[in-house]
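The values are calculated or read from the model by the stated rules, or taken from the named source; none is laboratory data. Just so we're clear, the structure is a prediction, and the values are computed from it rather than from any experiment. No Cβ is skipped: glycine too gets one built from the backbone with ideal geometry, and neighbour counts run over all protein chains shown. Please note that ligands, DNA and RNA were not included when accessible areas were found on the heavy atoms of the full protein model with its side chains. Shrake-Rupley method; radii C 1.70, N 1.55, O 1.52, S 1.80 Å.
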Amino acid sequence: MGTPLETREEQAVEIVDRLEEAYPDSTISLRYSNRLELLIAVILSAQCTDERVNQETKALFETYDGPEAYANAPQEELAEALSSITYYNNKAKYIRTACERIVTEHDGEVPDTMDELTDLPGVGRKTANVVLQHGHDVVEGIVVDTHVQRLSRRLGLTEEEYPERIEEDLMPIVPEGYWQQFTHLCIDHGRATCSARNPDCNDCVLADICPSERGDGEIDLASGDSW
Ligand code: SF4
């Protein structure tokens, strides 16, 4: 079990510093070439791997070239095009109705505010944050996905369980200039080392400051259970 720094602010800054050194090229792994493609890729990525989404969107983005094309696509046709993605039926419905709204209410452009984005079907705060950050260069918050959720709890940055509450805890302690990068760093570290089931604490750059470290630590603070 590592010993966290005295305050959560110091702990957050140290985590960012070390992970930046470990993952200097950390960035979003979804592939897209415009804001609409980004929005669609993020909607598809809910509970699905980015790798799988990238495989599917390659052909999808060649077939449908704008919001009208998605809005006018028959439900069965779009669902079929997404059939290897989790919850493809619902996601096809979200994409069609979101694109309808983009056409009728936003002149065919992906909106650039949190309120307008979260008003679209299938778009929650997490999706909106990603689209704002990578599509519009607007950083209003911290994207809390499953990796950020797990690592933030394991590393003692929050005791909250739900993404929006975790984001509220993280925003005052992660320096604002790192809000965007914090997510990518957690994702990279979560994939490479701090996996959900079997974190490799022996090979972790955060081991000495991690209160969940498995050496002689007993509890995984992410789940609250014993290792
Ligand atoms: S791999 Fe282990 S030591 Fe590193 S952050 Fe995860 S739980 Fe902590």
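Treating the angle as unsigned and between 0 and 90°, give the value, to the nearest 10°, between the Cα long axis of helix 179-192 and the longest Cα principal axis of the chain.
Taking the Cα atoms of the chain, the angle to 179-192 is about 70 degrees.
Taking only Cα atoms, what is the 0 to 90° angle, nearest 10, from helix 35-45's long axis to the longest principal axis of the chain?
With rounding to tens, the tilt is 60 degrees.
I'm a student and want to see the number: the projected area of the Cα convex hull of the chain, averaged over all directions, in nm².
One quarter of the hull surface, i.e. the mean projection, equals 12.2 nm².
Taking the alpha-carbon centroid of each part, what is the distance from the stretch 167-205 to the stretch 82-146 in angstrom?
The stretch 167-205 and the stretch 82-146 have Cα centres separated by 24 Å.
Given only helices, namely DSSP H runs of n ≥ 4 each adding -39500 (n - 2.57), what is the per-residue ellipticity at 222 nm of the chain, to the nearest 500 deg cm²/dmol?
Rounded to the nearest 500, it is -16000 deg cm²/dmol.
Cα-based Rg of the stretch 22-68 per 2.2 N^0.38 Å, rounded to two decimals?
1.22
Taking the Cα atoms of the stretch 93-133, report the difference between the largest and smallest coordinate on each principal axis, in whole Å and largest first.
23, 20, 13
Excluding E218 itself, what net charge comes from residues whose Cβ is under 14 Å from its Cβ, given Lys and Arg +1 and Asp and Glu -1?
Residues close to E218 contribute a combined charge of -2.
Report the full-extension gain for the segment Q75 to E105: residue separation times 0.36 nm, less the Cα-Cα distance, to one decimal in nm.
That pair, Q75 and E105, stretches by 8.7 nm at full extension.
If one computes P(r) from the Cα atoms of the stretch 105-182, what percent of pairs lie at distances over 15 Å?
55
On the protein heavy atoms, probe 1.4 angstrom, tell me the percent of accessible surface of the stretch 108-207 carried by carbon and sulfur.
42
What is the local net charge at E51, summed over the other residues whose Cβ is closer than 11 Å to its Cβ (Lys, Arg +1; Asp, Glu -1)?
Summing Lys and Arg as +1 and Asp and Glu as -1 gives +1.
Helix 125-136 versus the longest principal axis of the chain: what angle, 0 to 90°, nearest 10, using Cα atoms?
70
So what does the Cα-only Debye profile of the stretch 1-128 read at q = 0.21 Å⁻¹, as log10 I(q)/I(0), no solvent term?
Results for the stretch 1-128 at q = 0.21 Å⁻¹ read -1.16.
In a shell of Cβ-Cβ distance under 10 Å around D119, excluding D119 itself, what net charge do Lys and Arg (+1) and Asp and Glu (-1) give?
-2
Compute the accessible area per residue over the stretch 147-227, keeping the other protein chains in place, probe 1.4 Å, unit Å².
51
Could you give the Stokes-Einstein D for the stretch 158-227 in µm² per second, using the C-alpha Kirkwood radius, 25 °C, 0.890 mPa s?
In µm²/s, the coefficient is 185.
On a straight-distance basis, which lysines could pair with K126 in a cross-link, Cα separation under 20 angstrom, same-chain partners fewer than 8 positions away excluded?
Within the straight-line cut-off, K126 pairs with K91, K93.
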